[in-house]
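The values are calculated or read from the model by the stated rules, or taken from the named source; none is laboratory data. Treat the numbers as computed from the prediction; the structure is a model and nothing was measured. We place every Cβ from the backbone using ideal geometry, glycine too, and count neighbours over all the protein chains shown.
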Amino acid sequence: MRFLLILSIAASLCAASYDDLIDAAGSDPAQVVPALIAGSQALGGLEGAAAVRLADRLEPLARRVFRSNEAIPGAASLGVREHLVASGESPRAIMKRYAISDSALKLLNPSYDDRRLGAGARLKVVDFSTLRLALVVARSSYRSVLLAKPSGADAPAGPVVIAAWKVGVGAADSPTPLGASTIKLKARNPEWTHPDTGEVIAPDDPRNILGGYWVAVDPGADGTFKGIGFHGYTGAPSDHWLEQDGSHGCLRMLQDDIHALYALVPVGTRVVVRD
């Protein structure tokens, strides 16, 4: 359970200190990792608007480290590597070595093409085999934060924010359940079963509002999370549902964000939903 709470490494760390680091990281790539670590470890001591503000400030730094092709100094301590493709090495072998998905490789390397991967090519990778992941949803704050606990001698003491996404949550009469579970399955272009009518709507039907993604949460032995998952949402403009209550309990996400979540989060990842 300790992993699910972001621990502070310095009780005296004040808002000004990590704000200064985050500000500096905008113009100095060498400050990105220190700012991300300091902010991540301060996040657990904050609540409400202060926590939302810090999570939103950390998101651009996390994106630069974990979801872009930018080379960030010090990122190796967070499990980020440069991989030099060897002669005869297949994309499948690379994905297995780092426990990384094809979609994640494409996030990190925009020109990546698994059909044209030659010896000597350099790829930015996240070594997910060395990371323990947890996806924490703060329901009342409308945020889903993906955390990683790196391993290694130079790794930070606590979890680090990989992403902080805005979400829409369940309506008052169908709230997103609280509790803990895991990711059970992931599907691209899934069918959608209308929760009110039971009609099964095909992937290519414009009435299918899942946005092409379904990341299902394991229902659990007691069925707490039955039918609950993360998905895109194309049923209305985002200002009608993002950071609002409105779904049948699922977590609605912007298309770019659900794409990133789908790429980064493997089946089996721990999920915690709290108020």
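Points worth noting:
- For segment 52-79, residues that are of a type in the set (Gly, Ala, Ser), more than 16 Å from residue 135 (Cβ to Cβ) and in contact with a Lys or Arg (Cβ under 9 Å, 6 or more places away or on another chain) total 3.
- Residue in segment 12-34 that is out of contact with any strand residue (DSSP E or B) (no Cβ under 6 Å at 6 or more places or on another chain), at pLDDT 95 or above and within 17 Å of residue 146 (Cα to Cα) present: yes
- Hits in segment 166-176 - residues which are buried (at least 19 other Cβ atoms within 10 Å of the Cβ) and either farther than 17 Å from residue 234 by Cα or touching a Gly at 6+ places or on another chain (Cβ under 9 Å) (or both): 168, 169, 170, 176
- Condition check for residue 86: out of contact with any Ser or Thr (no Cβ under 8 Å at 6 or more places or on another chain), touching a residue at least 12 places away in the same chain (Cβ under 8 Å) and over 16 Å from residue 69 (Cβ atoms): yes
- Across segment 200-216, the number of residues qualifying as exposed (fewer than 15 other Cβ atoms within 10 Å of the Cβ) and either out of contact with any His (no Cβ under 9 Å at 6 or more places or on another chain) or not in a strand (DSSP E or B) (or both) comes to 6.
- Count of residues meeting criterion [assigned to a strand (DSSP E or B), farther than 16 Å from residue 126 by Cβ and of a type in the set (Lys, Arg)] in segment 138-155: 1
- Residues that are aliphatic (A, V, I, L, M) and surrounded by fewer than 20 Cβ atoms within 10 Å (Cβ to Cβ), drawn from segment 141-160: 153, 155, 157
- Residue tally, condition more than 20 Å from residue 74 (Cβ to Cβ) and in contact (Cβ under 8 Å) with a residue 24 or more places away in the chain, over segment 110-128: 6
- Restricting 58, 54, 105 to residues that are part of a helix (DSSP H, G or I), over 30 Å from residue 241 (Cβ atoms), in contact with a helix residue (DSSP H, G or I) (Cβ under 8 Å, 6 or more places away or on another chain) and not assigned by TED's automatic domain parsing to the domain that holds residue 172 narrows the list to 105.
- Exactly one residue out of 177, 159 is outside the structural domain of residue 270 (by TED's automatic domain parsing) and either farther than 16 Å from residue 269 by Cα or more than 12 Å from the chain's Cα centre (by Cα) (or both): that is 159.
- Some residue of segment 217-240 being aliphatic (A, V, I, L, M) and part of a strand (DSSP E or B): yes
- All conditions but one from (1) closer than 19 Å to residue 260 by Cβ; (2) not in a loop (DSSP other than H, G, I, E, B) apply to residue 83; the one that does not is (1).
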